[in-house]
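What follows is one structure encoded as structure tokens, with my remarks underneath.
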Amino acid sequence: MTLSTSIPVPQDEAKVTYARRLTRADAPLDFRQPAAVLRQRVLSVEGWPGSTFDHRATLIKVGAATADDTAAPSAPGTIVAADRTGVRIACGHGVLIVTHLQRPGGKMLPASEFLAGYPLAVGEVLASAEMPAFVADQPFPRTPKA
């Protein structure tokens, strides 16, 4: 067994970016975006604030999703299919396949279990919301520990 050592590499200061503080406003998804972008967004805010979409005035939380780059057959936000493999939602480019969902007050469930108690109809169109970028001009201020 060989051990490898890490070698520090200086960061190019010209390429530095800062992340802003996340808020609940970062949770809603914009289905006009490409499916691959939405998948990355779901991964990046997993936990808190999470990713959400509105369905008939109920806020549904997305726990996991994959992206399919094939052409979306419908307008962005349209539920293309909803079965045990996931909820397929048309996006600006491709299809987002949501595999884990959660209702308010419930627990995160695989799509098959979620759909057994909360059906999502094929053809329904989910509203999109603007997704603000995570970058900022400067680092957010840190609060001193007491």
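The values are calculated or read from the model by the stated rules, or taken from the named source; none is laboratory data. All figures in this text were calculated on a predicted structure; none of them were measured in a lab. Cβ atoms come from the backbone with ideal geometry, glycine included; neighbour counts cover every protein chain shown.
If you check LYS107 against the conditions, is it of a type in the set (D, E, K, R), more than 27 Å from TYR18 (Cβ to Cβ) and either part of a loop (DSSP other than H, G, I, E, B) or in contact with a strand residue (DSSP E or B) (Cβ under 7 Å, 6 or more places away or on another chain) (or both)?
On the way: of a type in the set (D, E, K, R): yes; more than 27 Å from TYR18 (Cβ to Cβ): yes; either part of a loop (DSSP other than H, G, I, E, B) or in contact with a strand residue (DSSP E or B) (Cβ under 7 Å, 6 or more places away or on another chain) (or both): yes.
Considered against the rule, which asks whether it is of a type in the set (D, E, K, R), more than 27 Å from TYR18 (Cβ to Cβ) and either part of a loop (DSSP other than H, G, I, E, B) or in contact with a strand residue (DSSP E or B) (Cβ under 7 Å, 6 or more places away or on another chain) (or both), LYS107 comes out as yes.
The single condition among (1) at pLDDT below 95; (2) loosely packed, with under 15 Cβ neighbours inside 10 Å that VAL45 does not satisfy is (2).
Being modelled with pLDDT under 95 and either more than 19 Å from PHE31 (Cα to Cα) or surrounded by 14 or more Cβ atoms within 10 Å (Cβ to Cβ) (or both) is the requirement here; does THR143 meet it? For THR143, the condition - modelled with pLDDT under 95 and either more than 19 Å from PHE31 (Cα to Cα) or surrounded by 14 or more Cβ atoms within 10 Å (Cβ to Cβ) (or both) - is met.
Tally the residues that are touching a helix residue (DSSP H, G or I) at 6+ places or on another chain (Cβ under 9 Å) and outside any helix (DSSP H, G or I), restricting the search to region 23-43. Before the answer, list the steps.
Just the residues of region 23-43 that are touching a helix residue (DSSP H, G or I) at 6+ places or on another chain (Cβ under 9 Å), to begin with: 26, 29-31, 33, 41.
Still in the running and outside any helix (DSSP H, G or I): 29-31, 33.
Of the residues in that region, 4 qualify.
A quick yes/no check of all residues on (1) surrounded by fewer than 18 Cβ atoms within 10 Å (Cβ to Cβ); (2) more than 16 Å from ASP30 (Cβ to Cβ):
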residue	(1), (2)
ASP68	yes, yes
GLY77	no, no
ARG88	no, yes
VAL95	no, no
GLN102	no, yes
ALA111	no, yes
LEU120	no, yes
GLY123	yes, yes
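Report yes if SER44 is of a type in the set (Ser, Thr, Tyr) and touching a residue at least 60 places away in the same chain (Cβ under 8 Å), otherwise no. Quick ask: steps written out before the conclusion?
Working: of a type in the set (Ser, Thr, Tyr): yes; touching a residue at least 60 places away in the same chain (Cβ under 8 Å): yes.
The answer is yes for SER44.
Can GLY63 be described as within 26 Å of PHE114 (Cβ to Cβ), out of contact with any Pro (no Cβ under 8 Å at 6 or more places or on another chain), free of Cβ contacts under 8 Å to residues at least 24 places away in the same chain and crowded, with 16+ Cβ neighbours inside 10 Å? No; evaluated as a whole, the condition is false for this residue.
In region 39-49, the count of residues that are closer than 25 Å to PRO104 by Cβ, aromatic (Phe, Trp, Tyr) and within 10 Å of the chain's Cα centre (by Cα) is zero.
Confirm whether ILE60 is assigned to a strand (DSSP E or B), closer than 23 Å to ALA133 by Cβ and not hydroxyl-bearing (Ser, Thr, Tyr). Considered against the rule, which asks whether it is assigned to a strand (DSSP E or B), closer than 23 Å to ALA133 by Cβ and not hydroxyl-bearing (Ser, Thr, Tyr), ILE60 comes out as no. Can you tell me which residue is surrounded by the fewest Cβ atoms within 10 Å (Cβ to Cβ) among those in region 1-22 that are touching a strand residue (DSSP E or B) at 6+ places or on another chain (Cβ under 7 Å) and assigned to a loop (DSSP other than H, G, I, E, B)? Here the answer is THR17.
Residues in region 66-85 include none that are touching a helix residue (DSSP H, G or I) at 6+ places or on another chain (Cβ under 6 Å), within 22 Å of PRO132 (Cα to Cα), outside any strand (DSSP E or B) and touching a residue at least 12 places away in the same chain (Cβ under 8 Å).
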